[in-house]
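Here the structure comes first, spelled out in C-alpha cells, and everything after it is commentary.
Here, each number is a calculation from the coordinates, and none is a lab measurement. A quick note: this is a predicted structure, and the numbers were derived from the prediction, not measured. Neighbour counts run over all protein chains shown; Cβ positions are idealised from the backbone, glycine included.
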Amino acid sequence: IFPIYNVIESLDRNQIEAARDMGASWPMIHRRVVIPYAKPGISSGCTMVFMLSAGALAAPQILGGPSSLWFTQLIYQQFNDNSDWPQGAAYAVVLLVTCILLVLALMRLFKVNMGDIGK
C-alpha cells in the first residue's frame, strides 16, 4: 500500500483537473492519468508482496499442516531435518532464480523500467 500511496500522493492535481476540464469521466481519468502515473508504485508493491509470499515459511506450515508441502518448507526440510545442505542450497537457488525471472517477465509485460521502481 505504501509504494502506491507515495506515488499517487506525488501526482500533480492539475493533471486530474485538466482531464476533468476536458470532459473525461472518473474512470477515464483513472485509466489514462492515474494508473499510468502510479504504475511504478503498483509494480514495486506487487513485487514486495510476491517476494514476501514466495519466501513465506510459517504461514503455510501453520495453515496447511504437515500434509501440504510448499517449496519453502521443502528447502527448510533439506537444511534442518535432512541435513542435506547441497540439496537445500540448490532448491534455494532455484527459488531465487525463478522469482527473479518471474518479476522481470512481469516488469517487461507491464513496461516498467527498473529505474521507475526506485522513484
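Charged side chains reduced to their Cβ positions (Lys and Arg at +1, Asp and Glu at -1) give the chain a dipole of some 440 debye around its Cα centre. Working note: 222 nm ellipticity from helices only, DSSP H runs with n ≥ 4, each -39,500 (n - 2.57), summed and divided by the residues of the chain, gives -20500 deg cm²/dmol to the nearest 500. What separates the Cα centres of region 1-36 and region 66-85 is a distance of 46 Å. Counting only whole DSSP H helices of the chain, the ones at least 30 Å long by C-alpha along their axis and with mean Kyte-Doolittle hydropathy no lower than 1.0 are 85-109.
Calculate I(q)/I(0) for the chain by the Debye formula, one identical point scatterer on each C-alpha and no solvent, and give its log10 at q = 0.11 Å⁻¹ to two decimals. Debye curve over Cα of the chain, log10 I(q)/I(0) at q = 0.11 Å⁻¹: -0.55. Of the residues Met51, Ser67, Val103, the one whose Cα sits farthest toward the positive end of the charge dipole of the chain, with +1 on the Cβ of Lys and Arg and -1 on the Cβ of Asp and Glu, is Val103.
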